[in-house]
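Accompanying notes for the structure given below.
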Amino acid sequence: MASIERTYWKQNLFIMWLSQFISNVGFSLSLPFAPFYLRSLGLADEGRVRAYAAMAAALSNLAFAIMSPVWGVLADRYGRKNMVLRANFGGALIVLLMGMAKKPIWFVMLRCCQGLFTGTVSASMTLVAGSTPVERQGFALGFLSTSVFSGDMTGLFLGGLLAEKFGFQRSFLFSSITLVFSGLLVWIFARENFTPPVSAPAKSRRFRQMFDVDWHGWRRVLMPAMPLFTLYIFSTLARYLDNSQFALFVEYLNGGPGSPNTPRLSSWVLGMGSIGAMFSGVILGRWIDKHASKVARISILGAAFFMGMMLLSVTLMPLPRTFFFGVSVAVPVLCLMPLRFMMIFFSAGLEPVWNTWLSKTTPPERKGLMFGLAATFRSLGAILAHSVAGVLACYLGILSIFVAGPILFLLLLPLLKYNEKPILEKIKRQSQTA
């Protein structure tokens, strides 16, 4: 790395942390309340509200899974800072258009466009990694990741309040303004010493070489990682199963459609989950290097238990409403806050285990490829989660999601046991040849 880059990597890290925090606040101000917004666009039937919410989330993840490798190629060609600007300003425009949608199908298509053209987290991490000395990249990327959870948490807490005071449509306007501000921070203050390819012929050759695939080499690298990619898909399916329908679950516990303060209460419960994820990274993360398998098993059991406990909160619905920070709230919703915290605390401990194993089983020259593929498999798991949740909610009711979720988590135990041995053997071989 050139010495000039070492002089501004701390500035870049601070600016990108702040930018990521702001952009995650922006997305969280409006998107978690999509089911309520869809209802305001004319969806009277609750089954259709659930179906559209699930379809919008699934299409967004599908588009993201497809486009992530493409944006990675363009980042290497035209610069990482340009990709951060594209993600922020593109996201601002798309979110603004969401607030102007007149029909539910328009909102669904715009959510798909969001997956196609955004991706601020991966773009920001690439920029930070490209300007940070190798010996400090672990610290820089770990520090940057905290902006995601803290931004989500802040946006969720503010989003419910803004939705109640100004309406869902204006919440999308506030989201758009926030994303523009995030992009301007990067445009003005972030620095990148990027040198594009020198000549057109060289560019052409490089582009062709990207797709001149050595299938034998790819097979040799990919096949040992397939057990891990299976865990990525299945754990994301279990963890994200309730995401697209969770605001409706809070509404159900709070008294049904039209119950008071539901958007604000939904944001509080979801925000507790973000806090749980932050604590998980600090507490469980310190044990992963030495006790990864134990952390994974404890995380699976803890997530299954607390997701099942969320279902039992339905039994408290006959209790009278109470007040929490001056807001009228049903007792089951109040109970959801610590339960959501604990459920996400444990479920957030799984992916760091998979990431650690993937890093230890992958040669240094292939890490970028393998972590990019891991992002795609995570997106596939999210697509399955939103699709399955939509079907369950439409045909069996929202409560069925909280029956299926714990079962999916528990099914991870035999899957982990089956795949763990080849993964650990691969890690052992990799350490011996290193």
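The values are calculated or read from the model by the stated rules, or taken from the named source; none is laboratory data. Remember, it's a predicted structure, so these values are computed and weren't measured experimentally. Quick reminder, even Gly has a Cβ in these numbers, built from the backbone with ideal geometry, and neighbours come from all protein chains shown.
Listing for the model above:
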item: Which numbered condition residue 353 misses (of (1) crowded, with 18+ Cβ neighbours inside 10 Å; (2) at pLDDT 90 or above); result: (2)
item: Unique residue being farther than 16 Å from residue 153 by Cα and either among the hydrophobic types (A, V, I, L, M, F, W, C) or in contact with an Asp or Glu (Cβ under 7 Å, 6 or more places away or on another chain) (or both) when the list is 296, 348; result: 296
item: Sole residue being closer than 12 Å to residue 253 by Cβ and without any contact (Cβ under 8 Å) to a residue 12 or more places away in the chain, chosen from 312, 319; result: 312
item: Subset of segment 42-63 [in contact with a Cys (Cβ under 7 Å, 6 or more places away or on another chain) and touching a residue at least 60 places away in the same chain (Cβ under 8 Å)]; result: 47, 50, 51
item: Verdict on residue 371 being over 13 Å from the mean Cα position of the chain (by Cα), at pLDDT 85 or above and either not hydroxyl-bearing (Ser, Thr, Tyr) or not in a helix (DSSP H, G or I) (or both); result: no
item: Within segment 278-309, tally of residues that are within 28 Å of residue 252 (Cα to Cα) and over 19 Å from the mean Cα position of the chain (by Cα); result: 7
item: Filter result for residue 85 (within 22 Å of residue 25 (Cβ to Cβ) and of a type in the set (A, V, I, L, M, F, W, C)); result: yes
item: So residue 39, is it within 21 Å of residue 96 (Cα to Cα) and not in a loop (DSSP other than H, G, I, E, B); result: yes
item: Condition met for residue 281 (more than 13 Å from residue 336 (Cα to Cα) and at pLDDT below 80); result: yes
item: Conditions (1) of a type outside the set (A, V, I, L, M); (2) over 23 Å from residue 30 (Cβ atoms); (3) at pLDDT 85 or above; number of the one not met by residue 215; result: (3)
item: Options 298, 275: the member that is out of contact with any Lys or Arg (no Cβ under 9 Å at 6 or more places or on another chain), modelled with pLDDT under 85 and either in a helix (DSSP H, G or I) or hydrophobic (A, V, I, L, M, F, W, C) (or both); result: 275
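To keep it simple, each residue is scored yes or no on (1) at pLDDT 80 or above; (2) over 20 Å from the mean Cα position of the chain (by Cα); (3) not assigned by TED's automatic domain parsing to the domain that holds residue 268.
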site: 2; (1), (2), (3): no, yes, yes
site: 5; (1), (2), (3): no, yes, yes
site: 19; (1), (2), (3): yes, no, yes
site: 23; (1), (2), (3): yes, no, yes
site: 28; (1), (2), (3): yes, no, yes
site: 35; (1), (2), (3): yes, no, yes
site: 49; (1), (2), (3): yes, yes, yes
site: 54; (1), (2), (3): yes, no, yes
site: 62; (1), (2), (3): yes, no, yes
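For every residue, the table says whether it meets (1) modelled with pLDDT of 60 or more; (2) surrounded by 13 or more Cβ atoms within 10 Å (Cβ to Cβ); (3) on the phi < 0 side of the Ramachandran plot; (4) in the same structural domain as residue 337 (by TED's automatic domain parsing).
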{"site": "188", "(1), (2), (3), (4)": "yes, no, yes, no"}
{"site": "208", "(1), (2), (3), (4)": "no, no, yes, no"}
{"site": "231", "(1), (2), (3), (4)": "yes, yes, yes, yes"}
{"site": "239", "(1), (2), (3), (4)": "yes, yes, yes, yes"}
{"site": "247", "(1), (2), (3), (4)": "yes, yes, yes, yes"}
{"site": "263", "(1), (2), (3), (4)": "yes, yes, yes, yes"}
